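What follows is calculated from the coordinates using simple rules that are stated; it is not laboratory data. Every value quoted in this text rests on a predicted model; they were computed, and no experiment measured them. Here the Cβ is made from the backbone with ideal geometry for all residues, glycine too, and neighbour counts use every protein chain on show.
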Amino acid sequence: MGEAAKKLPRIVINEKFCKGCSICVDFCPTNVLEMKGSTVAVKDLGACTRCQLCDLRCPDFAIQVFD
Ligand code: SF4
Ligand code: SF4
């Protein structure tokens with residue numbers, strides 16, 4: 001890990017709140033998320049731009065992105 005290593009964001013999914021609607025998956029511009037059964041999962045954290053769209057669009061407050 002050199003100086004150029006980027007710090008990854010942290011994506012927190014509350015599986016109790018997630019109803020599996022996949023809105024966050026559809027809105028993520030860089031394909032970070034995927035459905036795994038009936039809940040969302042992180043597929044490619046390194047691609048996350050911290051745009052917060054998933055967090056803002058989730059109707060159930062089930063996903064949060066921290067810098
Ligand atoms: S938008 Fe919210 S409820 Fe829908 S799949 Fe994503 S985290 Fe789950
Ligand atoms: S913050 Fe943006 S880039 Fe990161 S997972 Fe959510 S929608 Fe995708």
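A quick yes/no check of all residues on (1) of a type outside the set (A, V, I, L, M, F, W, C); (2) surrounded by 14 or more Cβ atoms within 10 Å (Cβ to Cβ); (3) in contact with a Phe, Trp or Tyr (Cβ under 7 Å, 6 or more places away or on another chain):
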{"position": "LYS16", "(1), (2), (3)": "yes, no, no"}
{"position": "VAL25", "(1), (2), (3)": "no, yes, no"}
{"position": "LEU33", "(1), (2), (3)": "no, yes, no"}
{"position": "GLY46", "(1), (2), (3)": "yes, no, no"}
{"position": "PRO59", "(1), (2), (3)": "yes, no, no"}
{"position": "ALA62", "(1), (2), (3)": "no, yes, yes"}
What are the residue pairs meeting all of these: first residue in region 27-54, first residue over 14 Å from ILE13 (Cβ atoms), second residue away from ligand 1 (no atom under 14 Å from the Cβ) and of a type in the set (Gly, Ala, Ser), Cβ atoms under 7 Å, and 6 or more apart or on different chains? THR30/ALA47; ASN31/ALA47
Quick check on region 44-66. Is at least one of its residues on the phi > 0 side of the Ramachandran plot and of a type in the set (D, E, K, R)? yes
